[in-house]
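The values are calculated or read from the model by the stated rules, or taken from the named source; none is laboratory data. Computed from a predicted structure; not experimentally measured. Note that we place each Cβ from the backbone using ideal geometry, even for glycine, and neighbour counts take in every protein chain shown. The area values use the complete protein model at the heavy-atom level, side chains included, leaving out ligands, DNA and RNA. Shrake-Rupley method; radii C 1.70, N 1.55, O 1.52, S 1.80 Å.
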Amino acid sequence: MHLDHSGMEILDDGECRALLGRSTVGRIVFTLQALPTVQPVNFVFDGELIVVKTSSASRMATAASDTIVAFEIDEIDADGGRGWSVVTVGPARRVTEPGEIARLSALPLRSWAPGEHDQFIVVRPRLITGRRIPEAVPLRAPRS
């Protein structure tokens, strides 16, 4: 087990990708009007791409196309003091090619948000990092 300077376990690329493959809700970080914006999304990871479906008129579809974005997933047990986080960074793009749209349409991607979801956005992770709170780390009492 490798630890970072704060004592968090560093997850390797394979474990980060496995966690991406098991998760269905994440947060995409993009720039909107020169400011960072975070939006929760349903997604699927097909082993290479993070796939999100949204409205073609959405802020995310407009701002997160042909740019670099960050994407984060996590699982936190605040009471038990356990959890992990995976962050990816890479280029995002709108999908326009009919064959790719057909392939992505077959993926098990379901959106919780109401409204029409007619646009696929894909993110190709170029940098993937992950951290986990080790089991042996005791909970710290809150500061007063």
Report summary line: Ranked output for segments 91-99, 50-58 by mean other Cβ atoms within 10 Å, highest leading, reads 50-58, 91-99
Query raised in the report: Percent of accessible area on the chain owned by carbon and sulfur, 1.4 Å probe?
Result: 54
Requested in this report: Send over a whole-number figure in Å² for the accessible area per residue of the chain, probe 1.4 Å.
Outcome: 61
**Report entry** Cβ-defined net charge surrounding Asp77, 13 Å radius [Lys, Arg +1; Asp, Glu -1]
**Finding:** -2
Requested in this report: Return the calculated 222 nm mean residue ellipticity for the chain, to the nearest 500 deg cm²/dmol, obtained by summing -39500 (n - 2.57) across DSSP H runs with n ≥ 4 and dividing by the residue count.
Outcome: -4000 deg cm²/dmol
Query raised in the report: Taking the Cα centre of the chain as the origin, how large is its charge dipole in debye, to the nearest 20, when only Lys and Arg (+1) and Asp and Glu (-1) carry charge on their Cβ atoms?
Result: 280
Report summary line: Candidate cut points under GluC sites (Glu not before Pro) in the stretch 55-144, DSSP loop plus at most 16 other Cβ atoms within 10 Å of their own Cβ, are Glu116, Glu135
